[in-house]
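Throughout, read-outs are computed from the coordinates displayed, never taken from laboratory work. None of these values were measured; they are calculated from a predicted model. A quick note on method: Cβ atoms are made from the backbone with ideal geometry, for glycine too, and the neighbour counts reach across all protein chains shown.
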């Protein structure tokens, strides 16, 4: 027996000026199912869900909830229809507890009791298998705990239809599996769950049906059990693409960057990095694996001059002068003055990498404005670079003068990665460069990293997908709790071996044999 339809969209269209984000979309969501929304960056997935959740209002078309026409003009209206959305960027008050965030803004006419609210939160959490401390402050929480609070917030308000935007983007594989177990319990309880995601293997693992969007239009909705990753990719992109990463043997590798016994301590006295040592070689991709928060970010920031170092050395061997420079205690500007081109793609794209209110051209200029020799800025070269990146990486934007904050998350990432690679570095450090990118864009980035490898660049790649790390990287450095727990050959190590090293300091996988000599 076919399940009851919870939400039905008929002819939904949304425009932003001359840009059509969604065009004539028809879609159904059933009771007691998990529907995945799949599409490339800028295909209109989040915009469509924002209309269901009351953030945007459709220019054309109608929304029906349980067979009745619904007028959803605000998130409050959406909650009246028992619809709640969990956004990719959490909307929590850091100094409040979990319970205070969950009940914030509720006006039910009852006398407010924090103790009663905490009891209700715990009951909801236990019902679906969440782990939550109702008294814990948000600023003390891990990312997965914050996400739990966001989900409990909409459940507390009585939501039966939940929309999750990229729910696994910042979760470890273990946290992702816990979340999926909770979502399956919700499905069994009759709730309708919509997941916006780019990760095809997660779509296959968790969803009942998949709706594919391409350039704002609904291409098809298929049953997950009756399709494949290749078919879904072809529907997303509109053409067949290869899902294989080419990995050539490193040629002429020499030691480019040597990290010796590096230690970093937080302002609170917590050890972030503890005696980290490794070598990055030219013409090679060195992967860094680890559970989120194990020190990957701090390690790249230390190399880039953004994180103070307590002990140890970072030695850079200049390919032009053949001299060795110690980068320790040098500022990022001093490192650049030495001619060291360390390109850094941070985790926080708009927080550290780009300025949201500036357009794409001005963001290109951030790397070069100090080299100007007059009071007037030359915008021609940055504009040419912006146009090249937009065309080569297929950035969805009206033009190069568009403010970066108006782009979708994945297109922001393309601009950032493109700018860093265009600076012709000798060492390229990329932290989660494909986070939030669709499958086609991700493989474009992997190919760009491989091109840098062929050009003799020492590439350091921090990733969260172990399958990609094993397929892309020549060597894999595993970090756990700020310590190196092993270095393995990317061609021979197994996913299980890397997983064990990620959770236990002191891995027993030996470092691969040396492939190059010092310059």
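Annotations
- Inter-probe distance in nm under a simple model that places probes 7 Å from Cα toward Cβ, at residue 394 and residue 16: 2.0
- Our estimate of slack between residue 318 and residue 225, defined as 0.36 nm per intervening residue step minus the Cα-Cα distance, is 28.1 nm.
- Theoretical FRET efficiency, 1/(1+(r/R0)^6), r = Cβ-Cβ of residue 494 and residue 292, R0 22 Å, to 0.05: 0.55
- Here the contact order of the chain, divided by its residue count and restricted to Cα pairs under 8 Å and six or more residues apart, works out to 15 percent.
- In this calculation the C-beta distance from residue 104 to residue 143 is compared with R0 = 35 Å, giving a FRET efficiency of 0.95.
- Rg and Dmax [Cα atoms of the stretch 199-245; Å; Rg one decimal, Dmax integer]: 10.5, 29
- For the stretch 5-237, taking the reciprocal of the average inverse distance between every pair of different Cα atoms yields a Kirkwood hydrodynamic radius of 18.2 Å.
- Each DSSP beta bridge with both residues in the chain is either parallel or antiparallel, and the antiparallel ones are about 55%.
- With Rh defined as the Kirkwood radius, the inverse of the mean 1/r over Cα pairs, the Rg/Rh of the chain is 0.98.
- Approximating the spin labels as points 7 Å out from Cα along Cα→Cβ, the residue 94-to-residue 358 distance works out to 2.4 nm.
- Taking the helices alone, the chain has a mean residue ellipticity at 222 nm of -9000 deg cm²/dmol, built from -39,500 (n - 2.57) per DSSP H run of at least 4 residues and averaged over all its residues.
- The C-alpha atoms of the chain define a longest principal axis, and helix 409-422 lies at about 10 degrees to it.
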